[in-house]
Amino acid sequence: MTDQTQSISSVAPAAKARAKSPFSLSRLPDAVTGWLLSLPLALVLFFFLVLPIAMIVVVSFWGATEFSIYPAFQFDNYEFLLTSPVTYQVFFNTVKYALITWAITLVIGFTVAYFLAFHVRTLTWQIILFLLCTIPFWTSNIIRMISWIPFLGRNGIANSTLISMGVIDEPLEWLLFSDFSVILAFVHLYTLFMVVPIFNTMMRIDRSLIEAAYDNGASGLQTLTNVIIPLTKPGIMIGSIFVVTLVMGDFITVRFMSGSQKANVGRLISNDIALLQYPSAAATAVILLITVLLVISILLRYVDIRKEL
Amino acid sequence: MAKSLDLELAATTKIYGETIAVDAINHKFAAGTYSCLLGPSGCGKSSTLRMIAGHESVSTGDIVLGGTNITDLPPARRGTAMMFQNYALFPHLSVVDNVAFSQKMKGVEKPVRLKKARQLLELVDMAAYAERLPAQLSGGQQQRVALARALITEPSVLLLDEPLSALDPFLRIKMRLELKKLQRELGISFIHVTHSQDEALALADDIIVMNGGRIEQAGSPRDVFNAPTTEFVARFIGGHNVLQQKGASVALRADRLKVKKAAGDDGALLTAFVKDVEYLGSTVNLALDAGGAGDLTAALTDEVFFQDPIEIGATVFLTWKPEDAHQLAA
């Protein structure tokens, strides 16, 4: 009873105010109100997302000489891009980095999240250990990358330790400025992006399901494969999207960690920009964008992401 | 179905750190009976059930099922199966896959296990929903699936942890009847944890009232309701008055109190002041203040009450038959 009277009395003044105010939104038809409410975000997205992408698409059809860019509608950039073996090599390299990084971050991320969610019993320790995972993120990613160099270098800590331990006789050359160091840096930078969504989905798994599996005779491994992994799939997919898009769009990590010896699509674009070849850079960007969107749409086929938000 | 076996708790104890959750209880659950562990929250009834199920380690003491000591066996090898409070159905598996889960874990071939799962679903009348996901079922339907999943393991004892608490009152009574019927048909023991007296009285062949980690009283529903042996049981089971008589506590059923407006020649045992009158349909409850004897409740049938209605504020005279007053343990 009291609830009812309260709600009635709180509605009444609002209704009155609505009637008085000449600028009230509620006087407009619902459709107009809806459009107005979505307008600010729509404008932001239009100017900062749609317009730049449209611009890139437009520029990708422009022409360029050694010293000038001219507006045009020609397929020269795409033709050059799609017929050059370098492009395929670089795209292959990008996909290779993305796949290897994805696989490693998935294994590490899943293990860390599993440990945090199922083996750490108290919430306090879960929070403490979780914050511990984020410590590397308190510094800039450039610093995190560069700090690998003295560690992995020819006379770096890793090599000198291994030599003094007698494991190797001469420094390992592939530790730094190689695919190994690039992927190592990627894994270091992006594992947390895998841990967070997986941990989040794992925390939502009802603990009685684990008990029910145990009651039904499932071993630890069977519970993992039959219950935990299927229920964690949305988190795995979200983490995968993060990692794959970040790695595919990256250029600075590849440049620093490979000592400019390896290339991915991001570096191709940045080189074009450095040479003021904007149309060519734009065309490469468009192809990269399409590739990434394809990858994401494939990943989204396996999970209903809306259920997770 | 598996043969029903006697289940025996021998000084079974559960200690969490400093607190004793279950204090050396002894009880024999006879084969093929429906038993209810009844008590308020924190009385140790759930811990007891979880120890029987093997989801909680036993601190000291033993659990013996049909002559086998199962104290330290894993849940799936005990001959028990558990139905969880919120059913704990796997949300990513269809109904039939949920039921077939334990068979899959054992490595039974797919056609064989699905056939068996469908048989179990037929038993609980859910065959038509085999392909659905748990989220597409109502609470009552989920419960039937959970039952089928527990029964496919062919347990000697089925353990039910507050199985009806998630249902609405109407469905609760319906499922109550079905549980009892299923138990009769299968002939295995059901051990059912509940905090609802009505549920325990309606279902059980054997009620075990627990309090503070101990068994207060165990027996048939009629014995427990009619003749509670401790004050706790008298109060918890409801429908009883506890009053002091000659220095000892006695329990007296509220419906055995006779209420009169005038002191008769048989001599009233107590006089009381009517504080409140509650109409409950078939009965009318009087809240009485009997001075030194404390607050009492008298339950009159509506027929008796409305022959001669009693007003709030009236003084009434109470009598009862001596055999209705049950001495309580101090």
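With one equal scatterer per alpha carbon and no solvent term, the Debye-computed log10 I(q)/I(0) for chain B at 0.11, 0.16 1/Å reads -0.79, -1.25. Couplings 3J(HN,Hα) for the range B:241-248, derived from phi with the Karplus relation 6.51 cos²θ - 1.76 cosθ + 1.60 (θ = phi - 60°), are 10, 10, 9, 8, 9, 6, x, 10 Hz, where x marks Gly and Pro. Taking GluC sites (Glu not before Pro) in DSSP loop conformation with at most 10 other Cβ atoms inside 10 Å as exposed sites, chain B has its longest uninterrupted site-free stretch at B:132-310.
Among all stretches of chain A without exposed trypsin sites (Lys or Arg not before Pro) (DSSP loop, at most 15 other Cβ atoms within 10 Å), which one is longest? Can you show the working numbers first?
Numbers: sites that count: A:Arg121, A:Arg154, A:Arg204.
Longest gap between qualifying sites, sites excluded: A:1-120.
Projecting the Cα atoms of B:Leu252, B:Ser282, B:Thr315 onto the charge dipole of the range B:241-327 (Cβ charges, centred on the Cα centre) puts B:Leu252 farthest toward the positive pole.
Return a whole-number percent for the relative contact order of chain A, with Cα pairs under 8 Å and 6 or more residues apart as the contact set. Contact order relative to length: 24 percent.
Over all distinct Cα-Cα pairs of the range B:79-226, the Kirkwood formula returns a hydrodynamic radius of 16.1 Å. In the elastic network of chain A, a GNM with C-alpha springs shorter than 10 Å, the most mobile of A:Met203, A:Met257, A:Met145 is A:Met203. Apply the a/c threshold of 1.5 to the C-alpha gyration tensor of the range B:21-75 and tell me whether it is rounded, prolate or oblate. Because a/c hits 1.5 or more and a/b fails to exceed b/c, the range B:21-75 counts as oblate.
Candidates A:Pro171, A:Leu152, A:Leu131 compared by Cα position along the dipole of the range A:85-300: farthest toward the positive end lies A:Leu131, with charges placed on Cβ. Scan chain A and report its longest stretch carrying no chymotrypsin sites (Phe, Trp or Tyr not before Pro) that are both in a DSSP loop and have at most 15 other Cβ atoms within 10 Å. Looking at chain A, A:76-301 is the longest stretch - no exposed chymotrypsin sites (Phe, Trp or Tyr not before Pro) with at most 15 other Cβ atoms within 10 Å. Listing A:Val303, A:Val107, A:Val227 from fewest to most neighbouring C-beta atoms within 10 Å gives A:Val107, A:Val303, A:Val227. The charge dipole of the protein assembly as shown, taken about its Cα centre with unit charges on the Cβ of Lys, Arg, Asp and Glu (plus for the first two, minus for the last two), comes to roughly 1020 debye.
Cα extents for the range B:241-327 along the principal axes, largest to smallest and rounded to whole angstrom: 35, 23, 22.
Within the listed set B:Gly67, B:Gly44, B:Gly281, the Gaussian network model of chain B (springs between alpha-carbon atoms below 10 Å) gives the highest mean-square fluctuation for B:Gly281. Each 5 Å bin from zero holds the following percent of Cα-Cα pairs in the range A:85-300: 1, 7, 12, 14, 15, 14, 12, 10, 7, 5, 2, 1, 0, 0.
Separation of the range B:139-180 and the range B:7-29, taken as the distance between their Cα centroids, equals 25 angstrom. For the range A:161-309, the dipole from Cβ point charges (+1 on Lys and Arg, -1 on Asp and Glu) about the Cα centre works out to 500 debye, to the nearest 20.
The helix-only estimate of mean residue ellipticity at 222 nm for the protein assembly as shown, built from DSSP H runs of length n ≥ 4 each weighted as -39500 (n - 2.57), is -14500 deg cm²/dmol after division by the residue total. Alpha-carbon geometry of the protein assembly as shown: the Rg and the Dmax are 36.4, 125 Å, given in that order. Bridgeable aspartates and glutamates around B:Lys260 (alpha carbons under 14 Å apart, same-chain partners fewer than 8 residues away excluded): B:Asp308, B:Glu311.
Considering only DSSP states other than H, G, I, E and B, which trypsin sites (Lys or Arg not before Pro) in the range B:226-263 qualify as loop sites with at most 15 other Cβ atoms within 10 Å?
Here the trypsin sites (Lys or Arg not before Pro) that fit, given the DSSP loop and packing criteria, are B:Lys246, B:Lys261.
Would you mind checking B:Lys28/B:Lys181; B:Lys14/B:Lys106; B:Lys261/B:Lys321; B:Lys45/B:Lys106 for any pair whose Cα atoms are more than 24 angstrom apart? B:Lys14/B:Lys106; B:Lys45/B:Lys106, as the Cα separations exceed 24 Å there. Normalised by the number of residues in chain B, the average gap of Cα pairs under 8 Å and 6 or more apart makes the relative contact order 18 percent.
Bear in mind that the values in this text are calculations on the coordinates, not laboratory data. Please read these numbers as outputs of a predicted model, since none were measured by experiment. Ideal geometry is used to build each Cβ from the backbone, glycine not excepted, and the neighbour counts take in all protein chains shown.
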